[in-house]
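Here's the structure we're looking at; comments come further down.
The values are calculated or read from the model by the stated rules, or taken from the named source; none is laboratory data. The structure presented is a predicted model; accordingly, all values stated were derived computationally and were not measured. Cβ: placed from backbone, ideal geometry, glycine included. Neighbour counts: every protein chain shown.
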Amino acid sequence: MKYIPSPEWTEKMRAMVKHLNMTHISEDRVVCFKSTGSKSRRTIARIHTMPKIIQLGLQQPPFYAIELISEKFDRQNEADQVKTIIHELLHIPHSFGGGFRQHHPYVNHKIVDQHYAKLQQQTRLFLGI
């Protein structure tokens, strides 16, 4: 696996956080990376965090990294790419404590589509990324 920082998607993700009013997310503590070489068959993206013990040992607050699997993510159309980022952001709990929210009941297509519609209503920024 190879990981490459994605400043472009990090900037877009941070704009999404603002426009979606996800005030629980410390946008400067979330970054996006593109990865290549994944053997995953169905995964388009995933979100990672530091284990709690490492956070405590380093005396650092939680930090999240969104991995965009290039082989799958880059083949998506622009709307689906934005929805993929929204999906990963929904896994971040309101406590922003370093854990994750499960798919049911917090992360699903209906909720992602609602957030995407909200983005479309608020701004044209995401209509042609």
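The requirement of being within 23 Å of Leu119 (Cα to Cα), assigned to a helix (DSSP H, G or I) and charged (D, E, K, R) is not satisfied by Glu71.
Hey, does the stretch 31-40 have a residue that's surrounded by 12 or more Cβ atoms within 10 Å (Cβ to Cβ), of a type in the set (Phe, Trp, Tyr) and either at pLDDT below 95 or within 18 Å of His115 (Cα to Cα) (or both)? No, the conditions are met nowhere in the stretch 31-40.
Residues that are within 15 Å of His48 (Cβ to Cβ) and out of contact with any helix residue (DSSP H, G or I) (no Cβ under 7 Å at 6 or more places or on another chain) were ranked within the stretch 60-81; the one that is surrounded by the fewest Cβ atoms within 10 Å (Cβ to Cβ) is Gln60. Here Thr84 passes the criteria (1) out of contact with any strand residue (DSSP E or B) (no Cβ under 9 Å at 6 or more places or on another chain); (2) modelled with pLDDT of 90 or more; (3) of a type outside the set (A, V, I, L, M); (4) surrounded by 12 or more Cβ atoms within 10 Å (Cβ to Cβ) except the one numbered (1). If you scan the stretch 87-98, which residues turn out to be crowded, with 21+ Cβ neighbours inside 10 Å and part of a loop (DSSP other than H, G, I, E, B)? The answer is Ile92, and nothing else. Tyr3 - would you say it is at pLDDT 95 or above, among the aromatic types (Phe, Trp, Tyr) and surrounded by fewer than 16 Cβ atoms within 10 Å (Cβ to Cβ)? In short, yes.
With respect to the conditions (1) charged (D, E, K, R); (2) in a helix (DSSP H, G or I); (3) more than 25 Å from Thr123 (Cα to Cα), Lys83 falls short on a single one, namely (3). So if I check each of Gln60, Gln55, Gln76, Gln81, which one is within 12 Å of the chain's Cα centre (by Cα) and within 25 Å of Tyr3 (Cα to Cα)? Gln81 is the lone residue from the list that is within 12 Å of the chain's Cα centre (by Cα) and within 25 Å of Tyr3 (Cα to Cα).
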